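The values are calculated or read from the model by the stated rules, or taken from the named source; none is laboratory data. This is a predicted model, so every value here is computed, not measured. Cβ placement follows ideal geometry from the backbone for every residue including glycine, while neighbour counts extend to all protein chains displayed.
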Amino acid sequence: MNMAVGSSQLVAPQPVAGGAQAAGGQAAAGAVWRPGGGGLAADVAEVASGFWSLVVGLGVTLAEFFRPTITLHYPHESLKMTARFRGHVELAPDPATGRPLCVACGSCQRACPSDCILVEGVKREGERRKSPTVFRLDFTKCSLCGACVEVCPTKGLRYSKEYNLASTDKSVYVFDLLKRLQAEKK
Ligand code: SF4
Ligand code: SF4
């Protein structure tokens with residue numbers, strides 16, 4: 001009786017001429033494991049195929065070893081966002097003075113469809129334009145539609161590169177953008 005197992009077979013022992021079979025029929029229970037059922041050539045082909053698949057696998061590993069790494073050790077490392085990435089909006093500074101380009105005209109507040117922005121400003125003595133004194137963004141309601149950025153006459157708003165926000169507290173997402181700009185300058 002032959003019993004196929006994978007590519008090998010369990011083969012019942014053959015009776016030996018003139019020899020005695022194990023007493024009490026124990027020989028039938030003691031089947032012999034013989035590798036391969038298709039002869040030596042088939043066994044060699046199987047070993048060669050396994051070895052070739054190992055070589056191919058190691059080739060892939062070796063090729064990847066010399067490619068630039070594209071993964072990061074998050075959260076210890078952060079991604080550098082692309083130029084067109086849209087994080088929440090933030091105030092853009094005047095490159096010369098570091099002060100906000102915003103003149104507190106209120107256009108962004110009026111343009112926002114979700115009522116996310118609150119702007120207040122004053123005209124200081126000796127200055128020709130207003131300066132913002134309050135600039136609050138409620139990011140919990142923002143849809144990142146971009147209307148505020150597009151309507152701003154001084155390019156005073158831009159998209160931040162912030163992508164790493166996570167909290168269970170909604171109040172964390174109400175940003176004081178003036179404070180944020182001050183913190184960036186330090
Ligand atoms: S991106 Fe759109 S929704 Fe968000 S604050 Fe600006 S105007 Fe409002
Ligand atoms: S539209 Fe621009 S300048 Fe006017 S309040 Fe908004 S950010 Fe400031």
Completion exercise
Within segment 85-103, the residues that are part of a loop (DSSP other than H, G, I, E, B), more than 9 Å from ligand 2 (Cβ to nearest atom) and over 14 Å from Val174 (Cβ atoms) are Phe85, Arg86, Gly87, Asp94, Pro95, Ala96, Thr97, Gly98, Arg99
Exercise for the section: Please determine, by comparing only the residues of segment 153-170 that are of a type outside the set (A, V, I, L, M, F, W, C) and near ligand 2 (Cβ under 9 Å from one of its atoms), which one is surrounded by the most Cβ atoms within 10 Å (Cβ to Cβ). Expected result: Gly156
Completion exercise
All conditions in (1) more than 15 Å from ligand 2 (Cβ to nearest atom); (2) assigned by TED's automatic domain parsing to the domain that holds Glu162; (3) free of Cβ contacts under 8 Å to residues at least 60 places away in the same chain are true of Thr82 except (2)
Exercise for the section: Output the number of the condition that Lys185 fails; it satisfies all remaining conditions of (1) away from ligand 2 (no atom under 12 Å from the Cβ); (2) surrounded by 14 or more Cβ atoms within 10 Å (Cβ to Cβ). Expected result: (2)
Practice task
Could you check, for segment 131-146, whether at least one of its residues is under 18 Å from Gln182 (Cβ atoms), exposed (fewer than 14 other Cβ atoms within 10 Å of the Cβ), touching an Asp or Glu at 6+ places or on another chain (Cβ under 7 Å) and modelled with pLDDT of 95 or more?
Solution key: yes
Handout entry: Hits in segment 104-152 (condition: more than 9 Å from ligand 2 (Cβ to nearest atom), of a type in the set (Lys, Arg) and assigned to a strand (DSSP E or B))
Key = Lys123, Arg136
Exercise for the section: Starting from residues that are within 16 Å of ligand 1 (Cβ to nearest atom) and of a type in the set (Ser, Thr, Tyr), keep the ones in segment 101-134 and report whichever is farthest from Lys155 (Cα to Cα). Expected result: Ser114
